[in-house]
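**Student:** Here it is, the structure in full.
The values are calculated or read from the model by the stated rules, or taken from the named source; none is laboratory data. All figures in this text were calculated on a predicted structure; none of them were measured in a lab. With ideal geometry, Cβ positions are generated from the backbone for all residues, glycine too; neighbour counts draw on all protein chains shown. Side chains included, ligands, DNA and RNA excluded: accessible areas come from the protein's heavy atoms. Shrake-Rupley method; radii C 1.70, N 1.55, O 1.52, S 1.80 Å.
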Amino acid sequence: MSLFGNEIKEAIISLDIASVGQLTNKALADGVKPKQILDDGLLIGMAVVGERFKRSEMFVPEVLMAAKAMTEGLNIIKPLLAGEDAKGKGTVVLGTVKGDLHDIGKRIVAMMFEGAGFDVIDLGYDVKPEEFVSKVKETNACIVGMSAMLTTTMMQMKITVDALKEAGLYDKVGVMVGGAPLTVEYAEGIGAKYSPDAQVAVEVANNIVQ
Ligand code: B1M
């Protein structure tokens with residue numbers, strides 16, 4: 001791993017919010033690409049935190065601080081990522097499903113979509129099916145994207161797909177889903193396209209609109 005990536009990763013793991021910002025700015029000043037900062041530093045740091053949370057070596061308050069540290073870096077690279085490609089591919093309505101407060105992955109997907117030229121309407125987290133439906137209707141979106149990180153909230157994706165069908169919108173919009181507990185089989189079963197990460201999500205979105 002690159003030196004800057006390792007430093008940013010370590011700053012996230014040690015919950016050093018200020019250093020993540022400083023190191024991100026320094027890496028950019030040294031000519032490191034925003035996407036590389038995301039992949040080699042921010043994402044890897046958060047992945048380690050995720051593993052430690054799973055093993056009960058870190059707890060919710062620490063995970064929240066790590067998320068804050070990661071956000072510090074994300075906010076700096078966001079405008080730069082967004083400027084890397086052409087605009088005008090269409091509107092994507094994005095959100096984390098009802099009952100689910102995890103939004104870091106979804107925000108990364110939003111950034112990558114913007115960078116790839118989509119207009120993104122990010123509804124945030126804990127988004128109810130009817131909110132997805134009304135925003136798709138209002139904006140004439142070409143894609144609706146849902147994120148879920150809990151096995152207990154995944155089923156909100158099917159409920160939202162059903163609500164889109166009921167509103168007569170399902171055939172007019174591409175439905176994309178992602179998040180750690182999901183599988184291709186689950187996605188296909190509810191009539192949605194699955195992406196394991198933000199990079200693949202951009203490829204899937206490009207395929208939907210081409
Ligand atoms: Co929570 N949490 N959490 N958590 N949390 C997980 C998800 C968990 C796997 C940890 C564990 O126990 N191993 C576990 C879920 C278990 C399960 O359901 N099977 C869990 C739990 C249990 C909980 C609580 C219930 C804990 C509690 O209170 N006892 C609680 C639930 C709250 C709620 O939502 N109602 C909770 C709370 C929290 C925090 C608030 C502390 C915090 C969230 C802060 C925030 O998001 N602002 C948090 C975090 C940070 C995590 C972990 C550690 C990290 C998640 C993350 O941000 N990863 C997570 C453990 C883990 O995942 N290893 C965990 C980094 C992010 C870049 O990856 O989100 O996977 P990810 O996104 C990727 C892909 O999934 C994909 O692309 C992204 C970028 O590449 N992707 C998409 C995501 N959405 C997509 C959409 C697409 C396409 C691709 O198309 C539209």
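**Student:** For LYS193, which lysines qualify as cross-link partners when the Cα separation must be under 26 Å and same-chain residues fewer than eight apart are set aside?
**Tutor:** Straight-line reach from LYS193, under 26 Å: LYS35, LYS78, LYS87, LYS89, LYS98, LYS106, LYS128, LYS135, LYS137, LYS158, LYS165, LYS172.
**Student:** Counting Lys and Arg as +1 and Asp and Glu as -1, each charge on the Cβ, what is the dipole of the stretch 3-81 about the Cα centre in debye, to the nearest 20? Let's see the in-between values first.
**Tutor:** On the way: 9 positive and 10 negative charges, 44 e Å.
Charge dipole, the stretch 3-81, about its Cα centre: 220 debye, nearest 20.
**Student:** Can you give the FRET efficiency for LYS158 and GLN36, using 1/(1 + (r/R0)^6), R0 = 41 Å, r = Cβ-Cβ distance, to the nearest 0.05? Spell out each step's value before the answer.
**Tutor:** Numbers: r = 37 Å, r/R0 = 0.89.
For LYS158 and GLN36, the calculated efficiency is 0.65.
**Student:** Rounded to whole Hz and in sequence order, give me ³J(HN,Hα) for the stretch 120-132 from the Karplus expression 6.51 cos²θ - 1.76 cosθ + 1.60, θ = phi - 60°, writing x for Gly and Pro.
**Tutor:** After applying 6.51 cos²θ - 1.76 cosθ + 1.60, I find 10, 10, 9, 7, x, 10, 6, 8, 6, x, 5, 6, 4 Hz.
**Student:** Please give, to one decimal in nm, the separation of the simple spin-label points placed at VAL60 and THR183, each 7 Å out from Cα toward the Cβ.
**Tutor:** Going by the 7 Å Cα→Cβ label model, 2.9 nm.
**Student:** Residues with amide H under 5 Å of GLY99's amide H, sequence separation 5 or more or different chain, H placed in the peptide plane at 1.01 Å from N; which?
**Tutor:** Close amide H contacts, sequence-distant or interchain: ASP126, VAL127.
**Student:** Counting Lys and Arg as +1 and Asp and Glu as -1, each charge on the Cβ, what is the dipole of the stretch 78-162 about the Cα centre in debye, to the nearest 20?
**Tutor:** Working: 10 positive and 12 negative charges, 15 e Å.
The dipole magnitude comes to about 80 debye.
**Student:** Specify, per residue and in Å³, the volume enclosed by the convex hull of the alpha carbon atoms belonging to the stretch 128-210.
**Tutor:** Values: hull volume 6.9 nm³, N = 83.
For the stretch 128-210, the hull spanned by Cα atoms encloses 83 Å³ per residue.
**Student:** In the stretch 35-135, what percent of the accessible surface is made up of carbon and sulfur (1.4 Å probe, ligands and nucleic acids excluded)? Could you put the intermediate results ahead of the total?
**Tutor:** On the way: 2700 of 4650 Å².
Ligands and nucleic acids excluded, carbon and sulfur give 58 percent.
**Student:** Dipole of the stretch 162-210, Cα-centred, from +1 at each Lys and Arg C-beta and -1 at each Asp and Glu C-beta, to the nearest 20 debye? Mind dumping the intermediate values first?
**Tutor:** Values: 3 positive and 7 negative charges, 26 e Å.
Rounded to the nearest 20 debye, it is 120 debye.
**Student:** Shifting gears a bit: At 0.36 nm per residue, minus the direct Cα-Cα distance, what do VAL48 and ASN75 gain on full extension? Give it in nm, one decimal, please. Each step should come with its number before you reach the end.
**Tutor:** Values: separation 27, 0.36 × 27 = 9.72 nm, distance 2.04 nm.
In short, 7.7 nm is gained.
**Student:** Also: Starting at 0 and stepping by 5 Å, how many percent of the alpha carbon pairs of the stretch 59-187 end up in each bin?
**Tutor:** Spelled out per bin, shortest first, that is 2, 11, 20, 21, 20, 14, 8, 3, 0.
**Student:** Tabulate in residue order the Karplus-calculated ³J(HN,Hα) for the stretch 44-60, using 6.51 cos²θ - 1.76 cosθ + 1.60 with θ = phi - 60°, rounded to whole Hz; enter x for Gly and Pro.
**Tutor:** Going residue by residue, I get 5, x, 5, 5, 5, 4, x, 5, 5, 5, 4, 8, 6, 9, 9, 10, 3 Hz, with x marking Gly and Pro.
**Student:** If you don't mind, another one. Expected output is a single nm value to one decimal: the length gained when fully extending between ASN25 and GLN210, i.e. 0.36 nm times separation in residues minus the C-alpha distance. What is it? Before the final figure, lay out each step's value.
**Tutor:** On the way: separation 185, 0.36 × 185 = 66.60 nm, distance 3.56 nm.
Value of the extension gain: 63.0 nm.
**Student:** Could you list which residues have their amide H under 5 Å from that of VAL120, counting only those 5 or more apart in sequence or on another chain, with H placed in the peptide plane?
**Tutor:** VAL92
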